[in-house]
1. Look at GLY63 and say whether it is under 16 Å from the mean Cα position of the chain (by Cα) and either in a helix (DSSP H, G or I) or at pLDDT below 90 (or both).
2. With respect to the numbered conditions (1) touching a Gly at 6+ places or on another chain (Cβ under 6 Å); (2) within 24 Å of ALA292 (Cα to Cα), which one is the sole condition not fulfilled by GLY67?
3. Output the residue which, of all residues in region 155-174 that are within 25 Å of the chain's Cα centre (by Cα) and among the polar types (S, T, N, Q), is nearest to PRO70 (Cα to Cα).
4. Under 7 Å between Cβ atoms, which residue pairs at least 6 apart in sequence (or on different chains) link something in region 189-208 that is farther than 14 Å from MET17 by Cα and at pLDDT 90 or above with a partner that is surrounded by fewer than 24 Cβ atoms within 10 Å (Cβ to Cβ) and of a type outside the set (A, V, I, L, M)?
5. Within region 27-46, can one find any residue that is in contact with a Gly (Cβ under 8 Å, 6 or more places away or on another chain), over 20 Å from ARG250 (Cα atoms) and part of a helix (DSSP H, G or I)?
6. Name every residue in region 66-81 that is part of a helix (DSSP H, G or I) and more than 23 Å from the chain's Cα centre (by Cα), in order of residue number.
7. Test of understanding: among VAL106, VAL128, VAL135, VAL119, which residue is modelled with pLDDT of 75 or more, under 21 Å from SER38 (Cβ atoms) and either loosely packed, with under 15 Cβ neighbours inside 10 Å or out of contact with any Asp or Glu (no Cβ under 6 Å at 6 or more places or on another chain) (or both)?
8. Check SER38, SER56 and return the single one that is among the small types (Gly, Ala, Ser), touching a Ser or Thr at 6+ places or on another chain (Cβ under 8 Å) and at pLDDT 75 or above.
Amino acid sequence: MDAFLLTVLYLLASVAMALAAIACGFAALPRFEPARLSDALGGLLLRYGLGLSLISWLVIWLGLFGGIRPLPVIVCAGLAIGWGATAARAGLWRLRPLLSAASGTVLALGRSQAPFERVTTALVSLWVAALSVNVILGGLAPDLSHDPMWYHLAVPGQWAITGRAAAFAGVFPSNYPLAFEALYAALLLSGDDVLCSVLAAQVTLAVLMAMIVMTWRWLGWRGAVIAAAVAVPGVAALTALAPVGVKNDRFASLTLLLGCGVLFDRLRPDGGATHKREWVVAGALLGTATAAKTLSAGFWLPVSAVGFAAMMGRGGGVRAPLAWVERPWGSAAHGSSG
């Protein structure tokens, strides 16, 4: 097949994967009523991360019963995507007035900025755009380094062949909880390792955008520019000279960041009421981060402890421990990997 056409197909597949993940996220969080554009972008990123978590949860559960086959995966994922897409229709219409208002705000902000601020914002924006293009192009190359050939791609490849999520003799890391690799298993049912690399590139960009958008929500546009200027060199160093790679650290970073973000939102100074669903969402994301990379627990446990103490102080009582339920996903992943 022509290289250009193949590149276009992979890029279209990347868009389809992102939309499918967001739709699955809407299936779990159908209510979408953002008051600002930053809230809307943060909500979409949250649903993207949650959707990937739900799909990995689905694959690992199917794998426990030998069900990692095209038909079961397509049917189950299709039902979740269809349900979420229906729920998303009403919420996404709310983006239109926000985008119109945001365009006027950007123009007004550009006129009010000092020359140094305008130049800095423009340079950082170009830097982010250039890095995004580099990451996308880097994701179009297969990852042939040691760890992917050993287990990041080899183990989900075996899952796709056997239909069962299990550890394999002689491949010690197959004994780990492999949340991101469960997504690779689904892709390898009908795709190739480049699709896995494309997904990893997409998640890498999602981590960068989540850092920028969350800072924008909490600290304003100046904070977002500073966050981008600080984050871009680190992401650039990770992806320099591509390929982007298919390791699981970025998926763990994304779910960890989004899960902690939900907790931080609940600890806002106005003492707003915390809903049970938000604790469950935070727990699901942090559980997925742990199932993607066990080291993540060392980061989210202190944050969750603070949230638990704060909720107890506000009379949250029995609802707060929901954040500690390490979700069926975590239990299933650990159980399947021994």
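1. On the way: under 16 Å from the mean Cα position of the chain (by Cα): no; either in a helix (DSSP H, G or I) or at pLDDT below 90 (or both): yes.
No.
2. (1)
3. Looking at the filtered set, the residue picked out is GLN158.
4. Pairs found: LEU189/PRO70.
5. Yes: one or more hits.
6. Residues of region 66-81 that are part of a helix (DSSP H, G or I), as a first pass: 70-81.
Residues satisfying the conditions are PRO70, LEU71, PRO72.
7. On the way: VAL106 fails: modelled with pLDDT of 75 or more; VAL135 fails: under 21 Å from SER38 (Cβ atoms); VAL119 fails: under 21 Å from SER38 (Cβ atoms).
On inspection, the qualifying residue turns out to be VAL128.
8. Values: SER38 fails: touching a Ser or Thr at 6+ places or on another chain (Cβ under 8 Å).
Result of the check over SER38, SER56: SER56.
The values are calculated or read from the model by the stated rules, or taken from the named source; none is laboratory data. Keep in mind that what you see is a predicted model, and the values were worked out from it rather than measured. Neighbour counts are summed over all protein chains in view; Cβ atoms, including those assigned to glycine, are modelled from backbone coordinates with ideal geometry.
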